[in-house]
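Down below is the structure, laid out as structure tokens.
We did not get these values from a lab; they are worked out from the coordinates using the rules stated. On a predicted model such as this, the values are computed, not experimentally measured, just so you know. Note: ideal-geometry Cβ built from the backbone for every residue, glycine included; neighbour counts use all protein chains shown.
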Amino acid sequence: MPENKSLTYSQLQQAIDYIHAHLNRDLSLAELASVVNISPTYCASLFKRTMGISPHQYVIQRRVKQANFSSKIYRF
């Protein structure tokens, strides 16, 4: 395992881009980890260390923001 204790900017951007592109479906930690080419457990640990929240919490947070944005657009 690498000694790096946080995701690199490139890895973080890849993970976030992937999450945003796939918010409309179920996402697994294994799937996200494969995007940045590390193990799921290590991915969860580094994501939380880097972002301050778990990947799951981030996905929920983004979905809520997306729903709030959509409701404002379609409000009559």
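Where in the chain lies the longest segment free of trypsin sites (Lys or Arg not before Pro) that are both loop residues by DSSP (not H, G, I, E, B) and have at most 12 other Cβ atoms within 10 Å?
Working: sites that count: Lys5, Arg25, Arg75.
Answer from the scan: 26-74.
First check a/c for region 15-59, with a ≥ b ≥ c the square roots of the eigenvalues of its C-alpha gyration tensor; if it is under 1.5, answer rounded, and if not, answer prolate when a/b is larger than b/c or oblate otherwise. Write out the running numbers ahead of the final one.
On the way: a/c = 1.80, a/b = 1.24, b/c = 1.45.
Verdict is oblate for region 15-59.
Can you compute the helix-only [θ] at 222 nm over the chain? Use -39500 (n - 2.57) per DSSP H run of at least 4 residues, normalise by all residues, nearest 500 deg cm²/dmol. Working shown, then result.
Working: 4 runs with 52 residues, N = 76.
After summing the helix terms and dividing by the residues of the chain, the value is -21500 deg cm²/dmol.
Report, as a whole number in µm² per second, the diffusion coefficient that Stokes-Einstein gives for the chain at 25 °C and 0.890 mPa s using the Kirkwood radius over alpha carbon pairs. Walk me through the numbers on the way to the answer.
Values: Rh = 13.1 Å.
My calculation gives 187 µm²/s for D.
Given contacts defined as C-alpha pairs under 8 Å and at least six residues apart, what's the relative contact order of region 9-73, whole-number percent? Before the final figure, lay out the partial values.
On the way: 36 pairs, mean separation 16.9, N = 65.
RCO, region 9-73: 26 percent.
By the scheme Lys and Arg +1, Asp and Glu -1, what is the net charge of all other residues having a beta-carbon under 13 Å from that of His22?
Working: positive: Arg25, Arg62, Arg63; negative: Asp17, Asp26, Glu31.
Local net charge: 0.
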